[in-house]
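Below you'll find the structure, written out as structure tokens, and then a few comments.
The values are calculated or read from the model by the stated rules, or taken from the named source; none is laboratory data. What you are looking at is a predicted structure, and each value in this text was computed from that prediction instead of being measured. No Cβ is skipped: glycine too gets one built from the backbone with ideal geometry, and neighbour counts run over all protein chains shown.
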Amino acid sequence: MHPPNLEVQELLISYSDGFGAVTALDITRAAVPPGALLAVTGPSGSGKSTLLYAIAGLLRPQRGHILWDGRDILAEAESVRDRWRRHSIGFVFQDFHLLSELSPLQNVLLPASFERFAIGGEVRARAVALLDRLGVPQARRTTAVLSRGEQQRVALARALLYDPPVILADEPTASLDAAAGAAVAETLVRLASDEGRTVITVTHDPALISRCTTRLALDHGRLHATQREEMPA
Amino acid sequence: MNPLLVVRATIARHLGTYALFVLLVALATAIGVGITAQEAALRAGSARAADKFDLVIAAPGSQTDVVLAAIYLRPGTVPLLDSTVTGKALAEPSAKISAPIGFGDNVGGAPIVGTVARFVEHLSGGLQQGRVFAAEGEAVVGAASELAVGESFRAEHGMRHKEADDGDHHQHPATLTVVGRMRPTGTPWDNSVIVPIEFVWRVHGLPTGHAETETRVGPPFDPAHVPGVPAIVMTPDTINAAYGLRNTYRTPLSMAFFPAEALVRLYDVLGDVRTLMGWLALATQGLVVVAMLAGIMAILTLHRRQFAVLRALGASRLYIFLCVWTQIAFVAVAGALIGLLLGAGAAFIVSRMITRATGIVLAAQIGWDEWLLVAGMIAFGLVAATVPALVAYRRPVIAGLTSP
């Protein structure tokens, strides 16, 4: 595992609401050290999810750079970014976004179907191992019959299929009850502390925030406050 | 790159809607396939049924009416050919066969046709059972006739359909006995009962073509005792003779024509109808595809967040394009192929019904035209599918991710 040095520089993302330009994100500089467990907090509309999507290279900002070990991913061609995102970033969403008609294993293998080649035995074995490790019952024909906690664990397994060094989670515990949320939070913590991945999570969950090594607070798209020395504004 | 997982999941989620789309495309295709297959079968069947009727001589009037009455044995009224012309035509030296066709009676709804023995052999290519009639009281039945060889019956006056039983069954006093059965011809003659023309003339109170003392049947006929007939079918010796005879009998008292001429005119009308219906079917198909695209676009709008998530997970724009395109392609291909089967099935059933009603054997087949129609439907669907696929391809990821 080789988590990258992530750095955001001079990032400006704005949009028009019909009356004028609205700033969604305006960050002069922020750095995320390798292996950090970073909580992105702030009120609704403060730009938390936008920051996550920008780090994943899904947004084209008005200006700025997303540096990945010094390499500006926004300067790469879209096809390169797609492949990079597939192999280097694991996404976890609040509402899981599983294909409920497919089995847990098929959902985990979904990113492999984006590849130009057929899904290999090695990838399949890894998917099975991930589901085992996260305690998801594989015998289910669809994920619709799984509990919400189990569904989020399937989403976690899907995020980990290509063993990415960075996990981006958007409110991963918000749709779960306390016990399931705690289990997911524990998994995210371990991915950072035990496996050395960089985990960046947007969250309002105090329990998850308390376990993060770093916190980045946003307000109206601007960096409001940081904790820990790794996040100079 | 394999979009089938996503396609499968999306179709499974909206199974009822997609099934409806497939059914709509199938029905639209089936209409087109059914029309073209049926028209082709009708054309081939009717042409085959007229194959043995080289040249027809009749009283001036509608060639179509004569073809329908004398070849397809449809109940109808045609004027009688002048008796002088009839006598001359029946003795025509440049015709291998010159057969009078007389009708006006039935047995149990099956038409009774009077002609000569040689024409029966020509039509049937030899009998499958018994022999050809040799006396006025004898009859030969078509292959599909319910009458058995050896069975006797009395002719009923008039022509009627088997199904149309008006209860008025006036029978002629003379009795006929079946002495032979023709081989199947695939024509209305398979349901007919064929008797010597002399029998038809006699029961209708006309001269029998021979001196009153004579009891034999068949040619030569005595022109002095020959009455008029609805039609005479000639098989000329040569092609030149055929055209010569056609010219000879184009007189103020008679008309002569090759049945193919009348059929070509009928086919022209049939072709026009087919073209019109073909365009209507094509318009229906187009509307169905457009409606399907609109429906699928609505479904895809519901799934825009799902596609954005796929992009976030690392899917390329091409993958999203293929997901959408494959769904619509599936509907177009499945619908068109099911439509082909439905259309072929419908054409088969209608052909059977027409065969039962007319005796003309129609063999509806899926030919080049039908495959072309299905291929066109599929091609149109595949091309049209690129529109929503491109819409999904171009949609910004962030718009999908932040959509409700």
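Being touching an Asp or Glu at 6+ places or on another chain (Cβ under 6 Å), at pLDDT below 85 and away from chain A (no Cβ under 14 Å), is that true of even one residue in the range B:360-370? Show your work before the answer.
To start, the set of residues in the range B:360-370 that are touching an Asp or Glu at 6+ places or on another chain (Cβ under 6 Å) comprises none.
No - not one qualifying residue is present in the range B:360-370.
Here is a yes/no grid of residues against (1) at negative phi; (2) at pLDDT below 90:
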| residue | (1), (2) |
| --- | --- |
| A:Thr23 | yes, yes |
| A:Ile27 | yes, no |
| A:Ala39 | yes, no |
| A:Gly42 | no, no |
| A:Gly64 | no, no |
| A:Leu67 | yes, no |
| A:Asp82 | yes, no |
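Conditions (1) within 14 Å of another protein chain (Cβ to nearest Cβ); (2) surrounded by fewer than 18 Cβ atoms within 10 Å (Cβ to Cβ); (3) of a type in the set (A, V, I, L, M), marked per residue:
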{"position": "B:Val289", "(1), (2), (3)": "no, no, yes"}
{"position": "B:Phe307", "(1), (2), (3)": "yes, no, no"}
{"position": "B:Ala312", "(1), (2), (3)": "yes, no, yes"}
{"position": "B:Ile320", "(1), (2), (3)": "yes, no, yes"}
{"position": "B:Gly343", "(1), (2), (3)": "no, no, no"}
{"position": "B:Ala347", "(1), (2), (3)": "no, no, yes"}
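The conditions are (1) assigned by TED's automatic domain parsing to the domain that holds B:Tyr393; (2) part of a loop (DSSP other than H, G, I, E, B); (3) among the basic types (Lys, Arg), and B:Arg274 fails exactly one of them. Which is it?
(2)
Which one of the conditions (1) within 14 Å of chain A (Cβ to nearest Cβ); (2) at pLDDT below 85 does B:Tyr393 fail to meet, given that it meets all the rest?
The failed condition is (2).
Any chance you could count how many residues in the range B:354-365 are over 10 Å from the mean Cα position of the chain (by Cα) and surrounded by fewer than 17 Cβ atoms within 10 Å (Cβ to Cβ)?
Counting residues in the range B:354-365 that are over 10 Å from the mean Cα position of the chain (by Cα) and surrounded by fewer than 17 Cβ atoms within 10 Å (Cβ to Cβ) gives 3.
Name every residue in the range B:52-62 that is touching a Pro at 6+ places or on another chain (Cβ under 9 Å) and surrounded by fewer than 17 Cβ atoms within 10 Å (Cβ to Cβ), in order of residue number.
Taking the range B:52-62 and keeping what is touching a Pro at 6+ places or on another chain (Cβ under 9 Å), we get B:53-56, B:58-61.
Correct list: B:Pro60, B:Gly61.
Write out, first by first residue and then by second, each pair whose Cβ atoms fall under 6 Å of each other, whose residues are 6+ apart or on separate chains, and whose first residue, in the range A:140-164, is surrounded by fewer than 19 Cβ atoms within 10 Å (Cβ to Cβ) while the second is modelled with pLDDT of 95 or more and in a helix (DSSP H, G or I).
Nothing qualifies.
Could you say which residue among A:Leu67, A:Leu134 is over 21 Å from B:Val309 (Cα atoms), more than 13 Å from chain B (Cβ to nearest Cβ), of a type outside the set (Val, Ile, Thr) and touching an Asp or Glu at 6+ places or on another chain (Cβ under 7 Å)? Break it down stepwise before answering.
Working: A:Leu134 fails: touching an Asp or Glu at 6+ places or on another chain (Cβ under 7 Å).
None of the other options fit; the residue is A:Leu67.
Of all residues in the range A:82-95 being within 11 Å of chain B (Cβ to nearest Cβ) and part of a loop (DSSP other than H, G, I, E, B), which is nearest to the chain's Cα centre (by Cα)? Before you say what the answer is, go through the steps one by one.
From the range A:82-95, those within 11 Å of chain B (Cβ to nearest Cβ) are A:82-93, A:95; that's our starting set.
After this cut, where a residue has to be part of a loop (DSSP other than H, G, I, E, B) as well, the list is A:93, A:95.
Details: A:Phe93: 8, A:Asp95: 13 Å.
In this case the residue turns out to be A:Phe93.
So, B:Thr29, is that one within 14 Å of chain A (Cβ to nearest Cβ), on the phi < 0 side of the Ramachandran plot and surrounded by 19 or more Cβ atoms within 10 Å (Cβ to Cβ) or not?
It is false that B:Thr29 is within 14 Å of chain A (Cβ to nearest Cβ), on the phi < 0 side of the Ramachandran plot and surrounded by 19 or more Cβ atoms within 10 Å (Cβ to Cβ).
Could you pull out every one of the helices (runs of 4 or more DSSP H) wholly within the range B:293-404 that has 3 or more residues that are within 30 Å of B:Arg183 (Cα to Cα)?
Correct list: B:317-358.
Are any residues in the range A:96-111 under 18 Å from the mean Cα position of the chain (by Cα) and either at the interface with chain B (Cβ under 9 Å from one of its Cβ atoms) or within 14 Å of B:Ala315 (Cβ to Cβ) (or both), and if so, which ones?
Of everything in the range A:96-111, those that are under 18 Å from the mean Cα position of the chain (by Cα) and either at the interface with chain B (Cβ under 9 Å from one of its Cβ atoms) or within 14 Å of B:Ala315 (Cβ to Cβ) (or both) turn out to be A:His97, A:Asn107, A:Leu109, A:Leu110, A:Pro111.
Kindly indicate the residue of the range B:1-25 that is more than 20 Å from B:Tyr319 (Cβ to Cβ) and surrounded by 24 or more Cβ atoms within 10 Å (Cβ to Cβ) and also nearest to the other protein chains (Cβ to nearest Cβ) among those meeting that condition.
Among those residues, the one meeting the criterion is B:Phe21.
Is there a residue being modelled with pLDDT under 90 and surrounded by fewer than 16 Cβ atoms within 10 Å (Cβ to Cβ) anywhere in the range A:45-53?
Within the range A:45-53 (the criterion being modelled with pLDDT under 90 and surrounded by fewer than 16 Cβ atoms within 10 Å (Cβ to Cβ)), the answer is yes, since at least one residue qualifies.
Just to verify a result, which residue in the range A:112-124, among those that are within 28 Å of A:Ala54 (Cα to Cα) and facing another protein chain (nearest Cβ under 8 Å), is modelled with the lowest pLDDT?
A:Arg116
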